[in-house]
Amino acid sequence: MRARRVALIGFGAIAGDLAAALLAAESPVYGLGVLLRPGSAARERVPEPVALLSDAAELAAFRPDLVVEAAGHEAVRSVVPACLEQGLPVLVSSIGALHDAALLARLTDAARASGGRLILPSGALGALDYVRALRAAKALSLSYESRKPPSAWREELLRLGHDPDRLDGPVTLFSGTARDAAAAYPQNLNVAAALALAGPGFEAVEVAVICDPQATGNGHAVAAESEFGRMRIEIVNTPSPTNPKTSWIVGQSLLAAIVQHFSPVIML
Ligand SMILES: NC(=O)c1ccc[n+]([C@@H]2O[C@H](COP(=O)([O-])OP(=O)(O)OC[C@H]3O[C@@H](n4cnc5c(N)ncnc54)[C@H](O)[C@@H]3O)[C@@H](O)[C@H]2O)c1
């Protein structure tokens, strides 16, 4: 079986975990390229067999079977459109960027016109299959609560005048719709955006963001109620050892999505 060619955009906490897992895979074997920004310090950490790509033209010349964005919202705006226009499938981890309706429409149109595909993984969350099935519900309420320790919110707490190392109790950083949440906290609220896109849309998901000194990990609680029944899920993710804002599971979620992408058997 020929090697599957995967081009990564960015090489931070998630892409580093993902690259290690893909390079260790035996069937199929993966050939990797990574697009880095000019002068990126991440270059030092990229392992030997991975091709270094410095711009969109080099990425296209690498002829990937799949592109994986694990870089941030700016990369979804600046790099992903060209990939979709070339007809490539693109797995986007920075789902929160899609709260921008114009960007989502641009990416969707590009994929439709070229035969490319915008692929959205579960990331730090689960149960998106159930939420997708609720789309037809007529009486749906869907809420999401993020509860992370102060280490995930240091800059935001300082900006609000709190000392992250001496927080007495939980601080509610945000309460509102998924659209406003994803715009306010782009790096942290990819999960709210994933729920909104799977289900009833950005205005219909109620979001609360809580910084809790008692939190033992990155907590996600989702509650759905409709004529079809009730769902409650709670996930407490271990923060990535290299980026406390990111849950460690996300690299594994992308790996699972990539395995599905190339598999003859798909579980949705
Ligand atoms: N879907 C989810 O559940 C979920 C969860 C966590 C994070 N994320 C998303 O994944 C992204 C990456 O997370 P991370 O923890 O690996 O972040 P990170 O900060 O550890 O790494 C991101 C890397 O991408 C690089 N980068 C940024 N823009 C780039 C560009 N245009 N071209 C090439 N490289 C670029 C940065 O220099 C950095 O090295 C986050 O920004 C977030 O949007 C999604």
Would you mention how many residues in segment 59-82 are in contact (Cβ under 8 Å) with a residue 40 or more places away in the chain, farther than 19 Å from residue 259 by Cα and either away from the ligand (no atom under 13 Å from the Cβ) or not small (Gly, Ala, Ser) (or both)? 5
Filter segment 96-107 down to the residues that are more than 16 Å from the ligand (Cβ to nearest atom) and over 16 Å from residue 192 (Cβ atoms), then identify the one that is surrounded by the fewest Cβ atoms within 10 Å (Cβ to Cβ). 102
Go through 152, 181 for me and flag whichever is out of contact with any Pro (no Cβ under 9 Å at 6 or more places or on another chain) and either small (Gly, Ala, Ser) or more than 16 Å from the ligand (Cβ to nearest atom) (or both). 181
Residue 171: among the β-branched types (Val, Ile, Thr) and either more than 30 Å from residue 38 (Cα to Cα) or open to solvent by less than 10 Å² (accessible area, probe 1.4 Å) (or both), yes or no? yes
Restricting attention to segment 1-52, the residues that are of a type in the set (Ser, Thr, Tyr) and within 14 Å of the ligand (Cβ to nearest atom) number exactly 1
Mind telling me which of the residues 20, 57, 24, 61 ends up being assigned by TED's automatic domain parsing to the domain that holds residue 254 and closer than 25 Å to residue 188 by Cα? 20
State whether one or more residues within segment 86-94 are modelled with pLDDT under 95, touching a Pro at 6+ places or on another chain (Cβ under 9 Å) and within 9 Å of the ligand (Cβ to nearest atom). no
Qualifying residue in segment 233-250 (condition: open to solvent by less than 60 Å² (accessible area, probe 1.4 Å), assigned by TED's automatic domain parsing to the domain that holds residue 135 and over 27 Å from residue 70 (Cβ atoms)): no
Among the residues of segment 108-123, the number that are within 17 Å of residue 71 (Cα to Cα) and open to solvent by less than 20 Å² (accessible area, probe 1.4 Å) is 2
Since residue 95 meets every condition but one in (1) more than 24 Å from residue 211 (Cα to Cα); (2) touching a residue at least 60 places away in the same chain (Cβ under 8 Å); (3) of a type in the set (Val, Ile, Thr), which condition does it not meet? (1)
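The values are calculated or read from the model by the stated rules, or taken from the named source; none is laboratory data. Note that the coordinates shown come from a computational prediction; the quantities given were computed from them, not determined experimentally. Reconstructed Cβ throughout: ideal geometry from the backbone, glycine too, with neighbour counts over all protein chains shown. Ligands, DNA and RNA are excluded from the accessible area calculation, which covers all protein heavy atoms including side chains. Shrake-Rupley method; radii C 1.70, N 1.55, O 1.52, S 1.80 Å.
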